[in-house]
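The values are calculated or read from the model by the stated rules, or taken from the named source; none is laboratory data. Not measured: the values here are computed from a predicted model. Cβ coordinates were reconstructed from backbone atoms using ideal geometry, including for glycine residues, and neighbour counts include every protein chain displayed.
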Amino acid sequence: MADLADTSFSGRALHRRTFLRVAGATAASSALVLAGCGKDDDPTVTDVGTGTLVFAANDTGILNLTYLLAQISASFYQKVVTTPPADFTAADTAACVDMRDHEVIYRELYKSVLGPNPQTGAYDNGLATALEFNFTPYTLTTRAGVYAAARTLEDIGVGAYNGLGRRLRNGSYLRLLLKITSVKARHAAFVRDQAEPDSFAGSDVITQTGNQAGLDTIKTPVEVAKSLASLVPVVLVADNLMLL
Amino acid sequence: MNILRIIEQLSEVDADVLGRFDSRRAVFKGLGSTAKKGALAAAPVFVASLFSKAYGQAAGPSIIEVLNYALTLELLEEDFYKKMTAAGKVPAGAPAGAIALILKHETAHVALLTKTISDLKGTPVKDVKFKQSAFPADYETQLVVAQALEDTGVRAYKGQAGNLMSNSALLQVALQIHSVEARHAAHIRTMRGQTAWIPASASSLPAPLGPVYTGNIREDNVVQSKVNITTDLGTPYTANEAAASFDEILTMAEVLDASRAGGLVA
């Protein structure tokens, strides 16, 4: 894999079977998720590919989704930095190193904020190894391909954060989310400008007319889960977050 | 008792009454609290506690005050970009296109906030103008001011989100403006050859930019959620990595201070 240099993701290769705990849920609802892997003698593992990650209907569920977003983005930029496209400039690499650093910091901070509790903490506390993400939907061998992919990921991130803020109950989590939201929007503007000059706030993300004019994207948690589906080796279930 | 009648009467003395109530969450949160308003002693407890919730928060500004504060900043930005366009120093092509797009967004924000405040029976501020004497003659310095305004806007919206938590619809819209301001800021910074994100060193810049990145929580802050990013996350990160990863708030008083946006209002 290209992201060998990412020490926080590396280590053992993904086990054949991996158990996914319900993000932030109680033991009772995790039984629901385990229904698909009831044949396992060892409840800490399940079949990769049939694994399911259910986000709980609370702040912990929300933070687990932002944690996953940060994991994906960190992994993406790490892959780019480790194996940059041939036409990448030094400035491109420097920018991607910056964004990689930001995303790794988000990932580690979310993990720390969520805490080590296997039931109520980060969703992957009980995993033998972190999830490995699949970026094959993207063309990462050209500068244009990298920035097109980054544009997709960062715009998903901004829309996701914009949709999650009002679902949070804890004001200090909202403050944390917003401190990151605007930096994600800076990433989005930057990579959009690289993908297509002066598209930092293009009409595909900022509504141009009508009563939503001048407003950025919102993505619901279910839309976010759908957008990320092809990148993640498990099924994401964000329906609970829609109740918030 | 007719709660609608009470609200109607209140609206005569408090233009923000609907803003205070315009949230199911605020209503349900209010259900559990104790009745404190003597005037409503005869009303059912749940209504009294609802009013207590709506009027009992002496700490923060009202929703109308928050929206008018946001509108003030949007009007200031809009007028600045109008002056910038009229001054004719912006190079044709991409720079002019970017400034025109940003102006268009600021105008849309002004319209949206004005309508929202009116819908909530508030009185929207108007005629906020950028101080002519502070308007730079040359394009490069105009961009410096644009960066100051946009990065201030990002910090200002972020600073008010907590005051909008009681109204999820308004919070939603504020967040959708907040990220647009951040996109603007990133692009203006790029036009100036800066990183799109704010480095730790920005907090030490001379005026007019420096004060934009200072305040009670400076942009070079490295502690988030009680976690020191440089030392507490297993892997050490530099102070600049830690600072650039997060944007910080400015309070209303900080933004309106003469050293920041407050000093740019005519």
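A few points about this structure:
- Qualifying residue in the range A:217-227 (condition: part of a helix (DSSP H, G or I), modelled with pLDDT of 95 or more and within 24 Å of B:PHE246 (Cα to Cα)): yes
- Which numbered condition B:THR85 misses (of (1) loosely packed, with under 15 Cβ neighbours inside 10 Å; (2) within 20 Å of A:ALA201 (Cα to Cα); (3) within 13 Å of chain A (Cβ to nearest Cβ)): (3)
- Of B:VAL144, B:VAL212, B:VAL222, all but one fail to be of a type in the set (Val, Ile, Thr), farther than 22 Å from A:GLN212 by Cα and surrounded by fewer than 19 Cβ atoms within 10 Å (Cβ to Cβ); the exception is B:VAL144.
- Subset of the range A:187-199 that is outside any helix (DSSP H, G or I) and more than 8 Å from chain B (Cβ to nearest Cβ) - its residue that is surrounded by the fewest Cβ atoms within 10 Å (Cβ to Cβ): A:GLU196
- Residue within the range A:128-142 that is facing chain B (nearest Cβ under 10 Å) and either at pLDDT 95 or above or crowded, with 17+ Cβ neighbours inside 10 Å (or both) present: no
- Residue match in the range A:146-155 (condition: over 25 Å from B:ALA242 (Cβ atoms), of a type in the set (Ser, Thr, Tyr) and touching a Gly at 6+ places or on another chain (Cβ under 6 Å)): no
- In the range A:209-232, the residues that are under 17 Å from B:THR116 (Cβ atoms) reach residues that are surrounded by fewer than 21 Cβ atoms within 10 Å (Cβ to Cβ) and not charged (D, E, K, R) with C-beta atoms within less than 6 angstrom, at least six apart or across chains, in these pairs: A:ALA213/A:THR207; A:LEU215/A:THR207.
- Among the residues making up the range B:213-232, those that are touching a Leu at 6+ places or on another chain (Cβ under 8 Å) and more than 10 Å from chain A (Cβ to nearest Cβ) are B:TYR213, B:GLY215.
- Some residue of the range B:127-138 being more than 10 Å from chain A (Cβ to nearest Cβ) and under 17 Å from B:GLU65 (Cβ atoms): yes
- Of all the residues in the range A:171-186, those that are within 14 Å of A:ALA70 (Cβ to Cβ), at the interface with chain B (Cβ under 7 Å from one of its Cβ atoms) and of a type outside the set (Val, Ile, Thr) number 2.
- The criterion of at least 2 residues that are touching a Pro at 6+ places or on another chain (Cβ under 9 Å) is met, among helices (runs of 4 or more DSSP H) falling completely within the range B:134-246, by B:139-160, B:239-244.
- When the criteria are applied in full, A:LEU153 fails the requirement of being buried (at least 23 other Cβ atoms within 10 Å of the Cβ), assigned to a helix (DSSP H, G or I), within 13 Å of chain B (Cβ to nearest Cβ) and among the aliphatic types (A, V, I, L, M).
- Within the range A:209-244, the set of residues being farther than 18 Å from B:ILE188 by Cα, surrounded by 16 or more Cβ atoms within 10 Å (Cβ to Cβ) and within 9 Å of chain B (Cβ to nearest Cβ) comprises A:ALA213, A:LEU215, A:THR217, A:ILE218.
- Residues of the range A:74-106 classified as of a type in the set (Lys, Arg) and touching a Leu at 6+ places or on another chain (Cβ under 9 Å), total: 1
- Restricting the range B:166-184 to residues that are facing chain A (nearest Cβ under 7 Å) and free of Cβ contacts under 8 Å to residues at least 40 places away in the same chain, the residue that is farthest from the chain's Cα centre (by Cα): B:ARG183
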